[in-house]
Amino acid sequence: MTVTKEIVTERLKTVNGPDFTGNIVDLGMVSEIFIADSKVFFSITVPAARAQEMEPLRAAAERVVKSIPGVAGAVVALTAEKKGGGMEAPVPARAAPRPAPPAAPQRPAPQAPASHSSGKRGVPGIEAIIAVASGKGGVGKSTTAVNLALGLAANGLRVGVLDADIYGPSMPKLLNIHGRPQTVDGKILKPMENYGLKVMSMGFLVDEETPMIWRGPMVMSALTQMLREVEWGRLDVLVVDMPPGTGDAQLTMAQQVPLAGAVIVSTPQDLALIDARKGLNMFKKVDVPLLGIVENMSYFIAPDTGKRYDIFGHGGARREAERLGVTFLGEVPLEMGIRESSDAGAPVVVSKPDSAEAKTYRDIAAKVWDRVNEERGAAEAAVPSIVFE
């Protein structure tokens, strides 16, 4: 059975709107419906003041769509970005809730670590989550992220990779992974695997040439599902390849997940460093530790003469790190082999493990892990101890 927007729309008319005033379609609450590979994507507009209590409505719409024959999955987000369908009416006042009695102290479950300072909910089984980010595109962030992940794995850690770039996922090509992920009981996705890494990407869920024309809430909902509704198992670290810039995906990760820290990737020239500073400042503002800066495309060694050329300048990221008091993690050269191995789906850390470039990535990975442990130690030291006498 072919799934169409008309079929989805008709089924959504069976979902009651807030306060049973009508159905969500006739109330104008349903956004444009997007269908790709038998998966349905849409958002539901709700009043901002009532967004939290509308989660059951979102879940009901998702269940209804998933029950349609031929639908392989659904991503449904709540948004309050626009008004419509009478949703702009003022929210009636509510009686103040009675304060709940204090709960007995409980030890946090080890499978779902949370930040000591923020109380953000962790992901079961994952000990640390690292974001790899850049202020702009074209600086080799995804190549750095995948080789960092492989470097961490080569150093003996259990590693996963989340491709958080919804609009331009790179991991299927970089890791030469094809096909669709399987599900557990039709609900939880199994991550794809290659080179010892567990991987999840939007590129596994839609065709390579399918454009993702989504508003911010859709991106945040998809990212949350790929993070939390995946059977990651036990991982020492999850490396998140962030999209370039400082948008919805970055804020979703920074505000909802206890990130162990962020790695910023930049090239040496001033223009890239200006954008890298934006990424650094964003993570600072949301209290995410800065693990360090990587200078990518740092220099070029001519293969015929061995002469070095600083095509994009040199040392800009190191100087920026020193100026900001951030760890400088290392320099990665502009090397043809890195590009060729990445395009072939066999990153240099696994295809040429004895090369100088692979050693550079493994060294960067070791520094990153040292920084993660430093930040952990600092966070634990900051937690006050409670003594019962």
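Residue-wise test of (1) assigned to a helix (DSSP H, G or I); (2) open to solvent by 80 Å² or more (accessible area, probe 1.4 Å).
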residue	(1), (2)
19	yes, yes
25	no, no
49	yes, yes
59	yes, no
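Going through 263, 219, 230 one at a time, which residue ends up being at pLDDT 80 or above, open to solvent by less than 60 Å² (accessible area, probe 1.4 Å), touching a helix residue (DSSP H, G or I) at 6+ places or on another chain (Cβ under 7 Å) and on the phi < 0 side of the Ramachandran plot?
Working: 219 fails: at pLDDT 80 or above; 230 fails: touching a helix residue (DSSP H, G or I) at 6+ places or on another chain (Cβ under 7 Å).
It is 263.
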Only unsatisfied item for residue 93, checking (1) loosely packed, with under 11 Cβ neighbours inside 10 Å; (2) in a loop (DSSP other than H, G, I, E, B); (3) modelled with pLDDT of 80 or more, is (3)
Considering only the range 288-389, give the helices (runs of 4 or more DSSP H) lying wholly within it that have at least 3 residues that are among the β-branched types (Val, Ile, Thr), modelled with pLDDT of 90 or more and closer than 18 Å to residue 263 by Cβ.
356-382
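In the range 25-36, what count of residues is obtained for those that are under 20 Å from residue 222 (Cβ atoms) and touching a Lys or Arg at 6+ places or on another chain (Cβ under 8 Å)? Full working, then the answer.
Of all residues in the range 25-36, those under 20 Å from residue 222 (Cβ atoms) come to 29-36.
Applying the additional criterion that residues be touching a Lys or Arg at 6+ places or on another chain (Cβ under 8 Å) yields 31, 33, 35.
Total meeting the criteria: 3.
Take the residues of the range 61-73 that are open to solvent by 10 Å² or more (accessible area, probe 1.4 Å) and of a type in the set (A, V, I, L, M, F, W, C): which is nearest to residue 10 (Cα to Cα)?
At the first step, the residues of the range 61-73 found to be open to solvent by 10 Å² or more (accessible area, probe 1.4 Å) are 62-64, 66-67, 69-73.
Of the ones still in play, those that are also of a type in the set (A, V, I, L, M, F, W, C) are 64, 71-72.
Working: 64: 10, 71: 14, 72: 18 Å.
Only one residue fits best here, namely 64.
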Which pairs turn up if I take residues in the range 152-169 that are touching a residue at least 60 places away in the same chain (Cβ under 8 Å) and surrounded by fewer than 19 Cβ atoms within 10 Å (Cβ to Cβ) and look for partners that are acidic (Asp, Glu) and not in a strand (DSSP E or B) with beta carbon separation below 7 Å, at least 6 apart in sequence or on another chain?
157/236
Considering only the range 303-321, how many residues are surrounded by 13 or more Cβ atoms within 10 Å (Cβ to Cβ) and out of contact with any Pro (no Cβ under 8 Å at 6 or more places or on another chain)?
5
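The values are calculated or read from the model by the stated rules, or taken from the named source; none is laboratory data. Keep in mind the model is a prediction, meaning the values are calculated, not measured. Using ideal geometry, Cβ is built from the backbone for each residue, glycine included, and neighbour counts are taken over all protein chains shown. These area figures cover heavy atoms from the full protein model, side chains too; ligands, DNA and RNA do not enter into them. Shrake-Rupley method; radii C 1.70, N 1.55, O 1.52, S 1.80 Å.
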